[in-house]
Amino acid sequence: AALEAAGHHAMLRELEARARQAGGPGDPAPVLADRVALLDRPAFAGFFATGPDARPFELRSLGQYPLRVRVDLPERGHAEASRLLTRLLLAQFTAITAARTDTALFAGLVLDDATHAVTAETVRGIRRLRSVNAGAVLTLRTVDDVPEALHTPLLGAVGCTAAFSGITTWDGKRFAEAWGKEWVETREVAQHTVFADQPFTRALHALRKLVTGKAVTTDAVTVRQVEKERWSASELAYAVPAGHAVIRLTTVDGEYAPPLLVELGGR
């Protein structure tokens, strides 16, 4: 009745569509109600406050003017709610940055722990960030925190990757596959026993073998080009010292540097 009196016919049609959807198999209301109840905690009251003294933050502000915001989530007492907010932040960031018209300012999002926040939709959104002057840093304790079907798309979508010391060989294998192989020159040295044709030469060889205990040999050197992994899974798991990381960087133009061992202390 209020919508009809105010002339909001478009909102009235939305309300009628919602009434028809209620109680059906595709009704999102129960799931939405559970998630709203999950976030209805005193710890998040200030974050969602809308009163006259509230200072609400909208992700639409990113990229409009220089701004830096830190969202500190209480993971210990509200772990599930914190994971839900992290997923919302990442999903909204990729959607809003792709829709903005002014891309003069760089917009960036850094997730200290992106566990359970990466989905198929966010991976598709990450692919579009470079073209709209935006970027995201996703920190994972292990790649297994991401669904297995998203391992390859995620590593292919991000431009820069870093493998820190202490990763497992399973994670190292995924990084090794993502970084590809390179052509290297290998030298193989094979020793062949020398058989002399002349009696005098055979006598000298016999004397030399008697003195040294070794037969007379000659070295045959073979040089060839082979494909080798830039960093193998075993090297990433066991050869990276503590306080170091193997990082591969990519420019916005698509040029990339091979993965390099970097000391994180800056010395």
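The values are calculated or read from the model by the stated rules, or taken from the named source; none is laboratory data. Keep in mind it's a predicted model, so treat the numbers as computed, not measured. With ideal geometry, Cβ positions are generated from the backbone for all residues, glycine too; neighbour counts draw on all protein chains shown. The protein model used for the area step is the full one, side chains on, heavy atoms only, and it has no ligands, DNA or RNA in it. Shrake-Rupley method; radii C 1.70, N 1.55, O 1.52, S 1.80 Å.
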Identify all residues within the range 40-54 that are open to solvent by 100 Å² or more (accessible area, probe 1.4 Å) and assigned to a loop (DSSP other than H, G, I, E, B); write none if there are none. 40, 50, 52, 53
Filtering the range 3-24 down to residues that are open to solvent by 80 Å² or more (accessible area, probe 1.4 Å), out of contact with any helix residue (DSSP H, G or I) (no Cβ under 8 Å at 6 or more places or on another chain) and of a type in the set (A, V, I, L, M) yields 5
For the range 235-252, state whether one or more residues are at pLDDT below 85 and aromatic (Phe, Trp, Tyr). no
Of everything in the range 55-92 that's more than 17 Å from residue 115 (Cβ to Cβ) and not in a loop (DSSP other than H, G, I, E, B), which residue is most open to solvent (accessible area, probe 1.4 Å)? 60
Condition first: under 30 Å from the mean Cα position of the chain (by Cα) and surrounded by 12 or more Cβ atoms within 10 Å (Cβ to Cβ). Can you find one or more residues in the range 25-35 that meet it? yes
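Answer yes if at least one residue in the range 93-109 is in contact (Cβ under 8 Å) with a residue 12 or more places away in the chain, under 17 Å from residue 129 (Cβ atoms) and open to solvent by 100 Å² or more (accessible area, probe 1.4 Å), and no otherwise. Spell out the reasoning first.
Of all residues in the range 93-109, those in contact (Cβ under 8 Å) with a residue 12 or more places away in the chain come to 93-98, 100, 102-109.
From what is left, the residues that are under 17 Å from residue 129 (Cβ atoms) are 93-98, 100, 102-109.
Going one step further and asking which of them are open to solvent by 100 Å² or more (accessible area, probe 1.4 Å), we end up with 106.
Looking through the range 93-109, at least one residue is in contact (Cβ under 8 Å) with a residue 12 or more places away in the chain, under 17 Å from residue 129 (Cβ atoms) and open to solvent by 100 Å² or more (accessible area, probe 1.4 Å).
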Which of the residues belonging to the range 235-258 are open to solvent by 70 Å² or more (accessible area, probe 1.4 Å), more than 13 Å from residue 179 (Cα to Cα) and among the hydroxyl-bearing types (Ser, Thr, Tyr)? 238
Those residues that are assigned to a helix (DSSP H, G or I) and under 22 Å from the mean Cα position of the chain (by Cα), I need them from the range 93-109; list them, please. 93, 94, 95, 96, 97, 98
